[in-house]
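Data first, discussion second: the structure below is written as structure tokens.
Only the coordinates and a few stated rules stand behind these numbers; no lab work does. Please read all numbers here as calculations on a predicted model, not as lab measurements. Please note: Cβ atoms are built from the backbone with ideal geometry, for glycine as well, and neighbour counts cover all protein chains shown.
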Amino acid sequence: MYDWLLGGIDNYKADRDACQILLEIAPSTKALAVNNRAFLRRVVKVLAQEYGIRQFLDHGSGLPTRDNVHEVAQRVATDARVVYVDNDPIVLAHGRTRLVENDRTAIVQADMRDTDGIFRHSDVTRLIRRDEPTAALFVSVTHCLKDHEVQPMIDAVKERLAPGSFMVICQLVSEHEKVREDVTALMADATGGNWGRVREEDDVRGYLRGLDIIEPGLRDVTDWRPDREVHPRQHVDDWVEWGGVGRLP
């Protein structure tokens with residue numbers, strides 16, 4: 001669905017059908033997807049360029065879209081290392097094909113809630129050095145999880161990161177109860193119940209509690225350090241991707 005919303009070709013009829021229903025509920029969804037992908041590019045560039053981060057652990061890869069985390073990070077520093085975590089077999093097939101010649105990048109088949117298994121994986125131990133700061137990315141994925149699953153997952157990852165690491169978290173939020181309920185119901189149906197919910201800003205604030213929030217704080221990611229994008233930023237009012245970046249003390 002994400003690929004179709006971004007104008008890609010790696011999608012299926014079921015994805016397109018679900019997106020059409022989604023657009024009826026929240027017409028700004030395409031703009032939201034474009035804004036979210038632009039945020040991902042900006043945040044990876046900022047962390048690599050301004051904070052010297054050289055290792056990224058991306059939960060829910062977004063593959064097979066273009067301009068992924070490793071491409072952005074390695075344009076800043078060729079020695080940047082990236083591990084993607086995903087449990088979708090189609091995503092894994094695309095990822096392994098595209099990453100086969102890049103020995104500083106890997107994709108791990110795992111449920112993002114399985115923090116122990118992820119950090120024990122051979123590709124993670126090979127590429128992610130536990131004594132160096134890491135950027136752990138949860139970009140537009142926590143809404144896929146149930147309420148009781150999100151905070152324990154985030155806390156488990158924080159416990160395994162070196163001081164000075166970063167957590168990047170954003171998810172779908174809406175001020176409109178009907179949008180939250182209708183989208184949540186649609187996605188729960190489309191995924192056979194394997195989904196969480198559209199939440200509110202306070203929910204996301206809680207996920208980053210205890211971290212030092214870097215400027216410009218938590219917000220609609222469209223306004224997180226905006227720069228000139230190929231696609232102009234589009235402000236939407238039915239729902240947004242909301243969050244930001246926190247640094248471990």
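Roughly how tilted is helix 177-190, in degrees to the nearest 10 and between 0 and 90, from the longest Cα axis of the chain?
Once rounded, one gets 70 degrees.
On a 0 to 90° scale, report how tilted helix 147-159 is relative to the longest principal axis of the chain, with both axes built from alpha carbons and the result rounded to the nearest 10.
The angle comes out at about 20 degrees.
With each label point set 7 Å from Cα along the Cα-Cβ vector, what nm distance links D123 and E215?
For the pair D123/E215, the computed spacing is 3.7 nm.
Suppose every K and R has +1 on its Cβ and every D and E has -1 on its Cβ; what is the size of the dipole of the stretch 137-228 about the Cα centre, in Debye to the nearest 20?
280 debye
Treating the angle as unsigned and between 0 and 90°, give the value, to the nearest 10°, between the Cα long axis of helix 29-50 and the longest Cα principal axis of the chain.
For 29-50 against the chain, the angle is about 20 degrees.
Under 18 Å between alpha carbons, and skipping anything fewer than 8 positions from K30 in its own chain: which aspartates and glutamates qualify?
List returned: D3, D10, D15, D17, D67, D182, D220, D223, E229, D237, D238, E241.
For the chain, what is the calculated [θ] at 222 nm in deg cm²/dmol (nearest 500), taking -39500 (n - 2.57) for each run of four or more DSSP H residues and dividing by its residue count?
-12500 deg cm²/dmol
Hey, got the dipole for the chain? About the Cα centre, +1 on K and R Cβ, -1 on D and E Cβ, debye to the nearest 20?
Rounded to the nearest 20 debye, it is 840 debye.
Give, in nm to one decimal, the length gained when the segment between D67 and D227 is fully stretched (0.36 nm per residue of separation minus the Cα-Cα distance).
Taking 0.36 nm per residue and subtracting the Cα distance, the gain is 56.0 nm.
Among DSSP beta bridges whose residues both lie in the chain, state the antiparallel percentage, nearest 5.
For the chain, the DSSP antiparallel bridge percentage is about 40.
Working out 0.36 nm times the residue gap between E200 and R75, then minus their Cα-Cα distance, what length gain in nm do you get to one decimal?
Full extension from E200 to R75 adds 41.5 nm.
Can you list residues from other chains, or at least 5 along the same chain, whose modelled amide H is less than 5 Å from the amide H of D238?
none
Which FRET efficiency value, to the nearest 0.05, is calculated for E24 and K146 with the Förster distance at 25 angstrom and r the Cβ-Cβ distance?
It comes out at approximately 0.45.
Under a crude label model (7 Å from the Cα following the beta-carbon direction), how far is N102 from Y12 in nanometres?
That separation, rounded to one decimal, is 2.5 nm.
Would you kindly state how much longer the chain becomes between R130 and Q49 on full extension, computed as 0.36 nm times their sequence separation minus their alpha carbon distance, in nm to one decimal?
Length difference between fully extended and current span is 27.1 nm.
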